[in-house]
Structure formats: C-alpha cells, structure tokens
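The values are calculated or read from the model by the stated rules, or taken from the named source; none is laboratory data. All figures in this text were calculated on a predicted structure; none of them were measured in a lab. Using ideal geometry, Cβ is built from the backbone for each residue, glycine included, and neighbour counts are taken over all protein chains shown. Each accessible area value is taken on the protein alone, full model and side chains, heavy atoms only, with ligands, DNA and RNA left out. Shrake-Rupley method; radii C 1.70, N 1.55, O 1.52, S 1.80 Å.
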Amino acid sequence: MDRLTCPVSMAGVTADPDTAQTPQNAQTAGDVVTMDKLVSLAKRRGFVFPSSEIYGGLGSSYDYGHYGVLLKNNVKAQWWRAMVQERDDIVALDSAIIQSPRTWEASGHVQSFTDPLVDCRTCKLRFRADRLDEEECGRKPSKHPGETPDCDLTGARDFNLLFETTIGPVREQGSTVYLRPETAQGIFLNFKHYLQFARKKPPFGIAQVGKSFRNEITTGNFIFRTREFEQMEMEFFVSPAAAETWFEYWLAERMRWYLELGIRENHLRLRAHDNDELSHYSSATDDIEYLFPIGWQELEGIANRGDYDLRQHSLHSGDDLSYFDTETRTRYIPHVIEPAAGVDRAMLAFLADAYDEDEIEGESRTVLRLHPAVAPVKVAVLPLVRKDGQPELAREVHGQLRGVLQAEYDEGGAIGRRYRRQDEIGTPWAVTIDHQSLEDRTVTVRDRDTLAQIRIAIDDLKPELQRRLDEPWRSPKLRGARS
Ligand code: GAP
C-alpha cells in the first residue's frame with residue numbers, strides 16, 4: 001500500500017495526508033502554532049530552557065525545567081504503559097550508553113551512519129546537502145544555501161554522526177568509544193539473555209527508553225533536532241514469515257497511541273520511505289509524521305530491520321544469535337520490527353497540538369489543551385482568598401490529592417490570574433475552596449477546556465478526578481469547542 005496516497009484510517013478516524021502537505025497549503029494551516037510562540041511559552045512557564053545560558057548558551061542544547069520534566073515523564077510513562085504494562089509479550093531493558101565499539105562496527109554505524117555535508121566558502125557555514133531547502137544561508141536577506149550569487153558551496157562529502165570519545169585516562173589506540181546514536185543496539189546485544197532468562201520466544205519485544213547522541217550537522221527548530229536526545233525504542237523479534245504482518249500491526253498500534261493521547265488526526269499521517277531514503281539496515285520503513293510548525297516531519301520511524309542486526313552481531317561476535325523453534329523444528333535468525341520514537345520530539349508534538357489561544361470575558365488567554373494523562377499537573381488547588389481559613393482547608397485538600405496525582409497548591413494573586421497560569425501549563429482541572437467550602441466541605445471543580453464548574457463534596461474529589469482521568473479524551477480543538 002502506498003501510504004503517501006492512501007488516507008490513514010485508524011481507530012475510526014480518517015486523516016487524508018494529501019490535503020495537508022505543509023503549513024502553508026494545509027487545510028489546517030490556521031491551526032498550526034508558530035515555533036516562536038511555543039519557545040516563548042516553554043521558557044516563560046519553565047518547560048524548556050536553552051542550556052548553559054549564563055555562558056551564552058550551547059547551540060541546540062536544552063535543559064528541561066519542572067513542567068518539562070513532568071510532561072516528558074508522562075510521555076515516557078504512557079509509552080511504557082502501552083508497550084509493557086498492558087502487554088505480555090514485551091519486556092524492559094536499560095542498557096549502557098557506552099558499549100563495546102565493536103557494536104558500531106557490526107551495526108554499520110562506523111561505516112554508514114553519515115550525512116552529506118557541504119561547506120560554504122563564503123559564509124563558512126556547514127549544511128546538510130540533502131536539506132538545503134530547509135536551511136538558511138548565513139547572508140542577509142535570508143535565503144537557502146546556494147541561492148545567493150555569493151554562495152560558494154563545496155561538493156558534498158560524507159560526515160559521520162557518531163560522537164566519539166575515549167575511555168580510560170590515556171588517549172591511545174583502542175581507547176576510542178562512541179556515545180550510542182540509538183538505543184536499539186543495546187537491545188540486540190542482550191537478545192540472548194532474554195531468550196534464556198526471561199524465557200521469551202518470538203514473537204516478543206524488548207523495550208528501552210534512554211538518551212542517544214548524534215553529532216548532527218545542522219540542528220535548530222527548538223527541541224526537534226538536537227545532538228543529545230531521548231528515544232523510546234522497541235525491537236520486536238518475529239519469525240521471517242511473520243515480519244510483514246507484524247510490521248503492519250505496529251504501524252497501526254503506534255498511530256493509535258498518538259491518537260488516543262489526543263493528537264489531532266488531521267495533524268498525523270503515515271509516510272512510507274522511498275527506496276533511496278531507507279537506512280542501511282531497513283527493508284521497509286514508514287514514518288509517523290506530525291504537522292509541526294516547520295511542516296510535516298518525522299515523529300517516529302517504524303522499520304522492518306529484517307535479520308540485519310542479529311546476523312551482523314552473530315558474525316562480528318561469533319555468538320550464535322539464531323533461535324530454534326521447537327514447534328516447527330526450524331532454526332532461524334529472528335526478524336525485527338522496530339517502532340522508534342523520540343521523546344523530545346513527541347513532547348514538541350504534544351505541545352504544538354495542545355497550544356491554543358482564546359478569549360474569556362474580553363481577555364485573551366493562552367491554554368495548553370493537553371490530554372490529562374500527559375498534562376504535567378493534573379489538578380490545581382486554589383483558595384479563593386488568602387484568609388478566613390480557606391488556605392488551611394485548601395492545603396488539607398491538596399494533601400489528600402497529591403498522594404494520588406500531581407497536584408499543585410497556589411494561593412498568590414487574583415483567582416483569575418491563577419486560573420490563567422494553570423491554563424498555560426495545561427492543568428485540566430482547578431479545585432477552588434471558597435467560603436461555602438468551610439460551611440459544607442464542598443469545592444468547585446473548573447474544567448480548563450469548557451470552563452464549566454461543578455460543586456462537589458471534598459470526599460468525592462479523588463474518585464471524580466480519577467474518573468475524569470480514565471475517560472477517553474479528544475482534543476477540544478477538533479470539536480472546534482472554544483469557551
Ligand atoms: N533505531 C532507529 C532509529 O534510531 P531514527 O529514525 O534515526 O531511528 C528514531 O530515530 C526517532 O528518534 C526519530 O523518529 C526522532 O523522533 C528521534 N530522533 C532522531 N534523531 C533525533 C535528533 N537529532 N533530535 C531529536 N530527536 C531525534
């Protein structure tokens with residue numbers, strides 16, 4: 001099936017990729033937030049900061065602040081939940097970042113993990129030769145490299161993206177190691193352990209989340225492409241005959257994950273790689289693409305890696321990584337289907353998809369309409385005024401709630417301003433303690449998206465919030481619902 005031309009149909013919803021190619025010509029163009037707005041909100045509210053800012057910053061390095069950490073943790077927790085907690089056939093791993101350098105010779109990264117690099121002799125900048133149309137030339141007015149009469153580009157040469165370092169106190173032969181460029185290889189190195197100790201047999205998967213490092217030629221676009229980033233990868237080992245079916249299965253599963261976490265279906269699509277785009281290990285790859293502020297871009301790759309990795313590691317290590325199927329009495333090297341997602345990129349997609357602006361009683365408001373499961377804070381507890389026993393009761397309520405979900409207490413400033421602050425960090429519900437609360441131990445619960453307020457007993461708060469958290473959720477931006 002050519003996924004470039006076929007509408008993607010998942011979970012009862014249909015997205016037509018052909019109707020939306022870029023933010024400029026997308027049907028949804030009005031609904032794509034600018035990167036500037038996202039960067040500004042992320043900094044203002046403490047999600048993401050440029051790293052090393054007091055030393056002038058370090059290009060494309062970012063630090064995650066309080067709400068950024070909470071959001072990122074929620075994204076990872078949802079991934080673990082879908083991959084491991086809710087399944088019997090996938091187990092977890094946390095492998096080392098620095099592995100034997102032979103890993104990367106066997107995997108092909110030392111030879112083939114390259115991007116084509118061109119230098120400009122005029123502005124002295126470097127660009128990815130295959131992305132010149134996405135890059136900016138160093139001269140003003142800004143144009144793409146090669147477009148101004150002064151541009152003087154060299155021919156393309158291969159640049160290896162592996163981050164190299166040395167192990168031990170002396171830089172000598174044999175001390176070179178690499179920071180892993182993908183978490184996947186750690187999984188292949190441990191494949192045998194899982195056959196033996198976890199008593200797993202194909203079809204089964206091993207899941208891992210962790211940092212990866214790539215010396216990207218060009219970065220930029222905020223946390224979209226950085227040199228240090230986190231991945232959520234799962235290698236699913238299957239018999240050769242079952243590989244195609246499992247590939248299709250994981251395409252659908254991964255699309256479903258994003259959709260169930262509220263990503264709008266008209267901002268998500270599958271795109272099959274052309275043959276000349278395929279990685280050195282892949283026989284088929286589809287990208288899940290999201291309509292980012294910079295256009296349709298890869299959010300996650302799902303690859304059929306065949307038996308490439310286990311075969312290579314068998315050859316290079318001398319260890320037999322084949323599997324003997326006692327039922328069919330056949331021996332084979334398992335094939336691998338790999339859904340590989342970026343945590344930071346997923347976080348950017350959740351932020352972009354959630355960002356909204358509306359007006360309440362003549363005042364403009366910025367609101368993150370995040371799925372409650374990924375929202376950094378689930379509930380804010382706010383005394384209406386800072387007197388008459390309200391702060392004390394509010395603290396009691398906060399104390400009850402914080403044991404079961406991420407809750408935040410805030411008593412400073414006018415109530416409207418406190419609501420706006422919570423709206424901006426995407427808190428789905430705000431519990432307000434007012435004078436009536438002290439009389440009858442009831443509170444109001446305000447909904448971030450509908451602004452509806454209900455009054456309920458303090459004793460019913462926990463089950464009510466839990467019920468709301470468990471409910472299926474769909475972005476109010478899709479329903480066109482504005483307060
Ligand atoms: N093991 C396969 C693999 O690593 P990939 O498509 O190169 O495949 C998987 O990476 C995902 O990791 C991408 O879809 C993207 O979300 C994320 N990713 C890759 N390079 C990245 C970078 N430089 N910055 C941020 N995220 C990145």
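Highest mean first, how do 424-437, 67-80, 143-156, 443-456 rank when packing is the count of other Cβ atoms within 10 Å averaged over residues? Intermediate results must be reported in sequence, preceding the final value.
Working: 424-437: 22.0, 67-80: 19.5, 143-156: 14.3, 443-456: 15.9.
Going by the mean number of other Cβ atoms within 10 Å, highest first, we get 424-437, 67-80, 443-456, 143-156.
Mean sequence separation of contacting Cα pairs (under 8 Å, at least six apart), scaled by the length of the chain, corresponds to a relative contact order of 14 percent.
The Rg/Rh ratio of the stretch 286-428, with Rg taken over Cα atoms and Rh as the Kirkwood radius over Cα pairs, comes to 1.27.
Working from Cα positions, state the angle (0 to 90°, nearest 10) between the long axis of helix 390-402 and the longest principal axis of the chain. The helix 390-402 is inclined about 30 degrees to the chain.
Short to long, the 10 Å bins of the Cα pair-distance histogram for the stretch 346-421 hold 17, 38, 34, 10, 0 percent of all pairs.
Here is the P(r) of the stretch 95-210: all C-alpha pair distances, binned every 5 Å from 0, give 2, 10, 15, 13, 11, 11, 12, 10, 7, 4, 2, 2, 0 in whole percents.
Calculated accessible area for the stretch 126-233 comes out at 51 Å² per residue, all protein chains present (probe 1.4 Å; ligands, DNA, RNA ignored). Leaving out ligands, DNA and RNA, what percent of the accessible area of the stretch 193-292 is carbon and sulfur, probe 1.4 Å? Roughly 46 percent, rounded to a whole number.
Note on the stretch 376-463: with neighbouring protein chains present and a 1.4 Å probe, carbon and sulfur make up 48 percent of its accessible heavy-atom surface. Between 0 and 90 degrees, the angle of helix 66-80 with respect to the longest Cα principal axis of the chain falls at about 60 degrees.
Filter LYS76/LYS378; LYS72/LYS378; LYS43/LYS477; LYS43/LYS378; LYS72/LYS201; LYS76/LYS211 down to the pairs with a C-alpha to C-alpha distance above 22 Å, please. Write down the numbers at each step before the final one.
Details: LYS76/LYS378 16 Å; LYS72/LYS378 14 Å; LYS43/LYS477 24 Å; LYS43/LYS378 20 Å; LYS72/LYS201 32 Å; LYS76/LYS211 12 Å.
Flagged as over cut-off: LYS43/LYS477; LYS72/LYS201.
Using a simple spin-label model with pseudo-atoms 7 Å out from Cα toward Cβ, ASP152 and ASP325 lie 6.2 nm apart. Two numbers describe the Cα atoms of the stretch 199-274: Rg and Dmax, which are 15.8, 44 Å.
Assuming a viscosity of 0.692 mPa s and a temperature of 37 °C, what translational diffusion coefficient in µm² per second does Stokes-Einstein assign to the stretch 165-317, Rh being the Kirkwood radius over Cα pairs? Please list the in-between numbers first.
Numbers: Rh = 17.7 Å.
In µm²/s, the coefficient rounds to 185.
For the pair the stretch 137-185 / the stretch 330-371, the C-alpha centres are spaced 28 Å from each other. One quarter of the convex hull surface built on the alpha carbon atoms of the stretch 74-129 amounts to 7.5 nm², the projected area averaged over directions.
For the stretch 389-483, the extents of the C-alpha atoms along the principal axes are 41, 29, 22 Å, listed from largest to smallest. Taking chymotrypsin sites (Phe, Trp or Tyr not before Pro) across the stretch 137-197, the ones in a DSSP loop with at most 12 further Cβ atoms lying within 10 angstrom of their Cβ are PHE197.
Please report, to one decimal in angstroms, the Kirkwood hydrodynamic radius of the chain built from all distinct Cα-Cα pairs. Hydrodynamic radius (Kirkwood, Cα pairs) of the chain is 24.9 Å. Among the GluC sites (Glu not before Pro) in the stretch 354-402, those placed in a DSSP loop whose Cβ has at most 15 other Cβ atoms within 10 Å are GLU361.
Residues in the stretch 290-434 average 36 Å² of solvent-accessible surface per residue, probe 1.4 Å, ligands and nucleic acids excluded.
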